[in-house]
Amino acid sequence: MEKELQAGTSVSAILKEGLIAPLDEVGRRFSRGDMFLPEMLAAAQAMKAGVEVIRPLLTGAETKPAGVVVIGTVKDDLHDIGKDLVAMMLEGAGFQVINLGINVDHSRFVEGAMANKADIVALSALLTTTMPAMKTTVAKLKEAGVKGRIIVGGAPVNQSFADEIGADGYSDDAPGAVVLARKLLGIHASESHGEVH
Ligand code: B1M
């Protein structure tokens, strides 16, 4: 990967073609029963090591804070690679990101959002079985009077589910989450740096 960077390959191409595409293939093989959990875990570890190499290019050095984002993967869901990519790209775009981690219960989302006066609360879910936890979290955030806008994402989530559960926005990938967060807060891209090409 360092070689690709030195050769001038874009961060976006490395991410999409070198990291995400192979992991998708692992997922497909897992679905077919050609690969098993330890292999999926090893692939995830390789992906994480790869992401660490490009992390400085994703997070950049931004001076003007764009807003506060509290992000986490919902309860009973342990997938964090996509959520961490979203977090890194938001950081790169100048947001202050408080990453609550994985398996985040709705009450921790509420506490995190309140304590940090979140402008955006970002929820990730990778399992169809944890989508109900996303729904509950959105409901509890609203019930608690959290003022920040709520955005959702993750492989099984789509716009109609986001609408159904009352989220303020949905994005299918990390760069889209940055665009969405800016849009919801009325920030123009030119006011912030950290674009990844
Ligand atoms: Co899991 N797993 N996994 N897994 N795993 C999936 C999700 C699965 C689709 C694989 C498959 O069967 N083909 C399947 C879910 C099926 C379903 O629900 N329909 C699955 C399963 C079944 C499971 C277990 C139940 C397996 C088991 O134990 N029998 C288990 C569940 C554990 C749990 O969470 N309780 C499990 C475990 C694991 C590992 C621990 C081994 C590992 C995760 C390691 C980790 O995250 N630290 C793992 C992995 C690696 C995968 C796959 C292969 C890859 C996920 C990934 O990281 N993708 C996955 C198959 C697949 O997706 N192809 C699979 C790369 C990442 C960049 O993409 O996370 O989608 P993604 O994020 C994207 C977008 O979704 C979006 O932006 C990112 C890209 O820019 N996005 C957001 C994500 N969050 C967002 C939030 C936003 C906006 C955008 O705004 C807030």
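The values are calculated or read from the model by the stated rules, or taken from the named source; none is laboratory data. From a predicted model like this one, the values you see are computed outputs, not experimental measurements. Backbone-built Cβ (ideal geometry, glycine too); neighbour counts: all protein chains shown.
List the number of the failed condition for residue 71; all other conditions in (1) exposed (fewer than 12 other Cβ atoms within 10 Å of the Cβ); (2) under 24 Å from residue 125 (Cα atoms) hold.
Failing condition for residue 71: (1).
Could we say that residue 121 is under 17 Å from residue 184 (Cα atoms), within 8 Å of the ligand (Cβ to nearest atom) and in contact (Cβ under 8 Å) with a residue 40 or more places away in the chain here?
Considered against the rule, which asks whether it is under 17 Å from residue 184 (Cα atoms), within 8 Å of the ligand (Cβ to nearest atom) and in contact (Cβ under 8 Å) with a residue 40 or more places away in the chain, residue 121 comes out as no.
Which of the helices (runs of 4 or more DSSP H) found entirely inside region 87-197 contain at least 3 residues meeting this: out of contact with any Ser or Thr (no Cβ under 7 Å at 6 or more places or on another chain), surrounded by fewer than 20 Cβ atoms within 10 Å (Cβ to Cβ) and of a type in the set (S, T, N, Q)?
none
From 50, 27, grab the single residue that is within 12 Å of the ligand (Cβ to nearest atom), assigned to a helix (DSSP H, G or I), at pLDDT below 90 and surrounded by 17 or more Cβ atoms within 10 Å (Cβ to Cβ).
The match here is 50.
What tally of residues in region 144-160 results from selecting those that are over 8 Å from residue 122 (Cα atoms) and either in contact with a Cys (Cβ under 7 Å, 6 or more places away or on another chain) or free of Cβ contacts under 8 Å to residues at least 60 places away in the same chain (or both)?
Residues meeting the conditions: 10.
Which condition number in (1) near the ligand (Cβ under 9 Å from one of its atoms); (2) assigned to a loop (DSSP other than H, G, I, E, B) is the one that residue 16 fails?
(2)
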